[in-house]
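Comments concern the structure below.
The values are calculated or read from the model by the stated rules, or taken from the named source; none is laboratory data. The structure presented is a predicted model; accordingly, all values stated were derived computationally and were not measured. Heads up, the Cβs are rebuilt from the backbone with ideal geometry, glycines too, and the neighbour counts pull from every protein chain shown. Only protein heavy atoms, including side chains, enter the accessible area calculation; ligands, DNA and RNA are left aside. Shrake-Rupley method; radii C 1.70, N 1.55, O 1.52, S 1.80 Å.
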Amino acid sequence: MADKSTGTNEKSGMSRRTFIKNSGLVAGGLVGGGLFGGLLTNQFQKKPELAAFSDEKISGGLQEARVFINRAEDFKILSAATERLFPKDDVGPGAIELGVPYFIDKQLAGEWGMNAKEYMKGPFITNIQAAGNHNNSGNQDSQGPNAATQVPTPTPRYQSILNRGEIFTLGLRRIDQVSQEDFGARFVDLAPEKQDEVLRMFEEDKVELKGVGSSNFFYMLLQVTIEGAYADPVYGGNKDMMGWKMKEYPGPRMSYLDTIEAEEFIVMEPESLRNYQGH
Amino acid sequence: MVIKLDKVDVVVVGTGWAGGVVSAELSKAGYKVVALERGKNVTREDYIGVKDELRYTDRYEMMQNLASETITSRNYIDETALPVRTRKEVMVGTDLGGGSVHWAGATYRWKPYDFEIRSKTIERYGEKKIPADMTIQDWGITYDEMEPYYDRWEKTAGISGEPDPIGDMRSSDYPNPPMKSSPAVNLFMETTKKMGYHPYRVPSGNLSQPYTNPDGEKMNQCMFCSFCSHYGCDFGAKSDPLVTVLPTAMKTGNFEARTGAYVRRVLYNDGKATGVLYTDVMTGEEFEQPADVVVLAAFTFTNNRLLLLSKIGQPYDPKTRTGVIGRNFNAQFNITFLGARGYFKDKKFNYYMGAGALGATLSDFAGDNFDHSNVDFINGGGIELRQYGDGAIATNHVPKGTPGWGEEFKKNSVYYANRSLVVWYTMATMSYWHNFLDLDPMYTDSFNDPLLRVTYKYTDQDRNMAKFGIEKSREIMEAMGADIVDEDEVPEEFDHIYDGMHYAGGVIMGTDPATSAVNNYLQMWDVNNLFVVGASAFPQFAGHHPTATVGALAYRASEGIVNYLKNGGQLVKGEQKSHSI
């Protein structure tokens, strides 16, 4: 595949082994000279046996059970939808292989799904288009001082009495309903192009959803799908750091002091929070 | 029943840069200071192992819990404002150190022009250059008067940088040299230099070397780990109140930071503030903390809301355009950070590495550094390239025309993950009579107190300046050699997303008590022992990041408070100006 070409300035002079050796030196410097050296020593000094805990072994299948979505049917719709948003292809694994549906299920069961830290007092204006101040045209990708560090999905104004968990339950079932009404089959049985058409109807706000705009649901689904592909594996997605490997993202690191000036692109074997925190 | 506590010399609401500096200076001067913080008590240890993009950047772990309180927002005065319900739509700092802990670290001084904008604009272009609806005003202080305070704050914070080659008078260099650079930053520097501009490295609160500040606080050297903006620094290498002014205050023995203390009213009697009323969020108990001087040094929203709830100062009324509290709300929203993104087909950058303020900038199109005779706006902004160190969730930039999801999106987002750079214009926002803050008539917080309501719309000034900045950014990005350059689009209207933390005004400083709430010591005109410190004092927003100015104003205010405690009275005489607003 043409896109795989890494260009002329791909890393050349530095092997992974060299880098690890160098970063070891950096860590040594920190501990010796750092103000918080004592505090950080335990965090920064990895025990050699940690290597034995590969993420493959700890993630396993044990985390792959639903804790929010009750009906297996709903979960299948979710899985099929996320796979269309982030499909498996020659670039790398898709949403299902990355564990995105389980990631989303866990997110829905927690603070985000329950809107624990959002303002949920009434009155609620559900028809905000009519109220004149609905806005989902903006793409956060190109807006705001934090744009470069945010998920590039539009942010529709949230004015629903429903929390995200409720919106997902409603939205997933509506996806199936629209599939049957307009395309004559369950969503999971539709051809991929037809599935895309259904999803596009939600994206373009063409579907009536009680209590919330269908594009609100769609953009939340898109946001959380991208998060599931690339968040730290501790949350159940980005299985075996495959999302990071695909993007050549190294995971959280303590220091790039020695490499920040490097001209060549440096590929590192990713590390997760588990490696970072140590146990 | 309210429990009345022992009186202290000074009670400070908020523990960010504003409250932190005031706390340090007043306790150093020998006064008993209590600072009240509604958030948690946090230390450096809370930030070890925070390198978690989902939890901090996407789920806003360090931001205010909106369940109990948010703001409401509308564009027009006749609209019903709706609550800003999610943390994706509004970011407000919380916990000890406040928003100053998760800042990126970019540190700019504002210009002589910014402090005297009305006079200087009229002087150079005539009165007609200022649109009738625009309510910009001079600060009542000049750059020359601000300079020593900027200098003090930069030394306290250990700022690492180099002077702006076309910048203004400095009494001394930055205390630390610029940070290490990176190929992307170098490319911006070299390209813009060739174009005849005057680039320089972004002055940074991410330290370039170990440093001990004049108060004896030690900071470490930045490791470029990428986790600055939205995060607390786990290495003590980003300057914030937790490693500087709060420990300084603590060492004096005169200072107490009381966390979980949610201040609900400033108590006021007979022209004097007598203290504050707060609720302990752990127990629900109500306390009165009496003090000789009350300092509101919370976030802009909170400073305004506390004054309005406490009925102190005349609230601004847009219909008559009189009153001062809530007047001239101004901010940097999405329109103020537009530019151009470049995609490099055959060049990769280590863009996962970086630091919040690692970058370069130029001031050739900032303030009044260029002739505005033939442009349809006043003021300007910096042009920046920053290498924050992007996380994996965030790096999904795709050239225009790519669908927002699906196979093509995935292919392009993965391919360009380390191949795209952005240049943007950090432009100024001017104040207007129709952009203001007041109390919402419908929505309330968990104590049933009204929420603060924001009324804000973009103007032609904003849109014209944004267009100008996008054009300049595109030219730079093209010259940098990007294969594809995508311009940002200028939005029609403000979208109610408050994600940048740069909100200001409402309790603005000036020379005329009819059009300003505080004098140039941040002392309220009509309440001598009440000081309101922070970005709430900005009469309008300059074209650069605000933190250094907040820090400098806090030093100015501290001087005023000490003066007041010694001598009492109004520190500045108000002047009545005749010009209409």
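Filtered by the rule that a residue be within 14 Å of chain A (Cβ to nearest Cβ) and either more than 22 Å from the chain's Cα centre (by Cα) or open to solvent by 10 Å² or more (accessible area, probe 1.4 Å) (or both), region B:431-456 gives B:ASP440, B:PRO441, B:MET442, B:TYR443, B:THR444, B:ASP445, B:SER446, B:PHE447, B:ASN448, B:ASP449, B:PRO450, B:ARG453.
Residues in region A:115-171 that are modelled with pLDDT under 55, more than 7 Å from every other protein chain (Cβ to nearest Cβ) and open to solvent by less than 20 Å² (accessible area, probe 1.4 Å): A:GLN140 only. Figure legend. Inter-residue proximity from region B:455-471: first residues closer than 19 Å to B:ALA504 by Cα, second residues assigned to a helix (DSSP H, G or I), beta-carbon distance below 7 Å, spacing 6+ or different chains. Indicated pairs: B:TYR458/B:ILE335; B:ASP462/B:ILE335. Determine whether region A:217-234 contains at least one residue that is on the phi < 0 side of the Ramachandran plot, within 19 Å of the chain's Cα centre (by Cα), more than 10 Å from chain B (Cβ to nearest Cβ) and part of a helix (DSSP H, G or I). Yes, region A:217-234 contains at least one residue that is on the phi < 0 side of the Ramachandran plot, within 19 Å of the chain's Cα centre (by Cα), more than 10 Å from chain B (Cβ to nearest Cβ) and part of a helix (DSSP H, G or I). Considering every residue within region B:151-170, establish whether at least one is touching a Lys or Arg at 6+ places or on another chain (Cβ under 7 Å), more than 14 Å from chain A (Cβ to nearest Cβ), of a type in the set (Gly, Ala, Ser) and open to solvent by less than 50 Å² (accessible area, probe 1.4 Å). Yes, there is a match, as at least one residue in region B:151-170 is touching a Lys or Arg at 6+ places or on another chain (Cβ under 7 Å), more than 14 Å from chain A (Cβ to nearest Cβ), of a type in the set (Gly, Ala, Ser) and open to solvent by less than 50 Å² (accessible area, probe 1.4 Å).
Residue count for region B:226-261 under the criterion of being at positive phi and out of contact with any strand residue (DSSP E or B) (no Cβ under 7 Å at 6 or more places or on another chain): the result is 2.
Restricting to region B:212-253, count the residues that are more than 30 Å from B:ALA394 (Cα to Cα) and in a loop (DSSP other than H, G, I, E, B).
Residues flagged as more than 30 Å from B:ALA394 (Cα to Cα) and in a loop (DSSP other than H, G, I, E, B) within region B:212-253 amount to 8.
Report yes if some residue within region B:390-409 is out of contact with any helix residue (DSSP H, G or I) (no Cβ under 8 Å at 6 or more places or on another chain), within 11 Å of chain A (Cβ to nearest Cβ) and assigned to a loop (DSSP other than H, G, I, E, B); otherwise report no. There is at least one residue in region B:390-409 that is out of contact with any helix residue (DSSP H, G or I) (no Cβ under 8 Å at 6 or more places or on another chain), within 11 Å of chain A (Cβ to nearest Cβ) and assigned to a loop (DSSP other than H, G, I, E, B). Taken as a whole, the condition of being surrounded by 24 or more Cβ atoms within 10 Å (Cβ to Cβ), away from chain A (no Cβ under 12 Å) and in contact (Cβ under 8 Å) with a residue 12 or more places away in the chain applies to B:GLY97. Here's a check for you: in region B:67-79, which residue that is assigned to a loop (DSSP other than H, G, I, E, B) and either over 14 Å from B:ILE497 (Cβ atoms) or more than 8 Å from every other protein chain (Cβ to nearest Cβ) (or both) is most open to solvent (accessible area, probe 1.4 Å)? Per the criteria, the residue is B:ASP78.
Please verify whether B:PRO112 is within 19 Å of the chain's Cα centre (by Cα), over 30 Å from B:PRO210 (Cα atoms) and surrounded by fewer than 19 Cβ atoms within 10 Å (Cβ to Cβ), treating the condition exactly as stated. Spelling it out, B:PRO112 is indeed within 19 Å of the chain's Cα centre (by Cα), over 30 Å from B:PRO210 (Cα atoms) and surrounded by fewer than 19 Cβ atoms within 10 Å (Cβ to Cβ). For region B:527-543, residues that are open to solvent by 10 Å² or more (accessible area, probe 1.4 Å) and more than 20 Å from B:LEU437 (Cα to Cα) total 1.
The residue that is least open to solvent (accessible area, probe 1.4 Å), among those in region A:178-205 that are within 26 Å of the chain's Cα centre (by Cα) and acidic (Asp, Glu), is A:ASP196.
Residues in region B:19-61 that are under 21 Å from B:ALA291 (Cα atoms), open to solvent by less than 10 Å² (accessible area, probe 1.4 Å) and in a helix (DSSP H, G or I): B:GLY19, B:GLY20, B:VAL21, B:VAL22, B:SER23, B:ALA24, B:LEU26, B:SER27. Scanning region A:80-102 for residues that are part of a helix (DSSP H, G or I) and under 14 Å from the mean Cα position of the chain (by Cα), we see that the one that is farthest from A:THR225 (Cα to Cα) is A:TYR102. Across region B:336-356, the qualifying residues are those that are hydroxyl-bearing (Ser, Thr, Tyr) and either at the interface with another protein chain (Cβ under 8 Å from one of its Cβ atoms) or under 26 Å from the mean Cα position of the chain (by Cα) (or both), and the one among them that is surrounded by the fewest Cβ atoms within 10 Å (Cβ to Cβ) is B:TYR351. Test B:ALA466 against the criterion of being aliphatic (A, V, I, L, M), within 24 Å of B:PRO203 (Cα to Cα), at pLDDT 95 or above and surrounded by 19 or more Cβ atoms within 10 Å (Cβ to Cβ), and give yes or no. Yes: the conditions hold for B:ALA466.
Of the residues making up region B:322-357, those that are among the charged types (D, E, K, R) and more than 30 Å from B:LEU307 (Cβ to Cβ) are B:ARG341, B:LYS345, B:ASP346, B:LYS347, B:LYS348. Taken together, the criteria place B:SER363 among residues that are more than 14 Å from chain A (Cβ to nearest Cβ), hydroxyl-bearing (Ser, Thr, Tyr) and open to solvent by less than 10 Å² (accessible area, probe 1.4 Å).
Of all residues in region B:174-211 being of a type in the set (D, E, K, R) and not in a helix (DSSP H, G or I), which is nearest to the chain's Cα centre (by Cα)? Within region B:174-211, the match that is nearest to the chain's Cα centre (by Cα) is B:ARG201. Scanning region A:53-87 for residues being farther than 17 Å from A:ILE104 by Cβ and either surrounded by 15 or more Cβ atoms within 10 Å (Cβ to Cβ) or at pLDDT 95 or above (or both) gives a total of 1. The residue that is nearest to the other protein chains (Cβ to nearest Cβ), among those in region B:469-519 that are open to solvent by 20 Å² or more (accessible area, probe 1.4 Å) and assigned to a helix (DSSP H, G or I), is B:ARG474.
Rundown of residues vs (1) in contact with a Cys (Cβ under 8 Å, 6 or more places away or on another chain); (2) buried (at least 24 other Cβ atoms within 10 Å of the Cβ); (3) more than 14 Å from chain A (Cβ to nearest Cβ), yes/no style:
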{"site": "B:LYS193", "(1), (2), (3)": "no, no, yes"}
{"site": "B:TYR200", "(1), (2), (3)": "no, no, yes"}
{"site": "B:MET223", "(1), (2), (3)": "no, yes, no"}
{"site": "B:PRO241", "(1), (2), (3)": "no, yes, yes"}
{"site": "B:ALA249", "(1), (2), (3)": "no, yes, yes"}
{"site": "B:ALA257", "(1), (2), (3)": "no, no, yes"}
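Pull up region B:291-322, narrow it to residues that are open to solvent by less than 10 Å² (accessible area, probe 1.4 Å) and assigned to a strand (DSSP E or B), then point me to the one that is farthest from B:GLN523 (Cα to Cα). My answer is B:ALA291. Take B:ILE122 and decide whether it is open to solvent by 20 Å² or more (accessible area, probe 1.4 Å) and of a type in the set (A, V, I, L, M). Against the criterion (open to solvent by 20 Å² or more (accessible area, probe 1.4 Å) and of a type in the set (A, V, I, L, M)), B:ILE122 qualifies.
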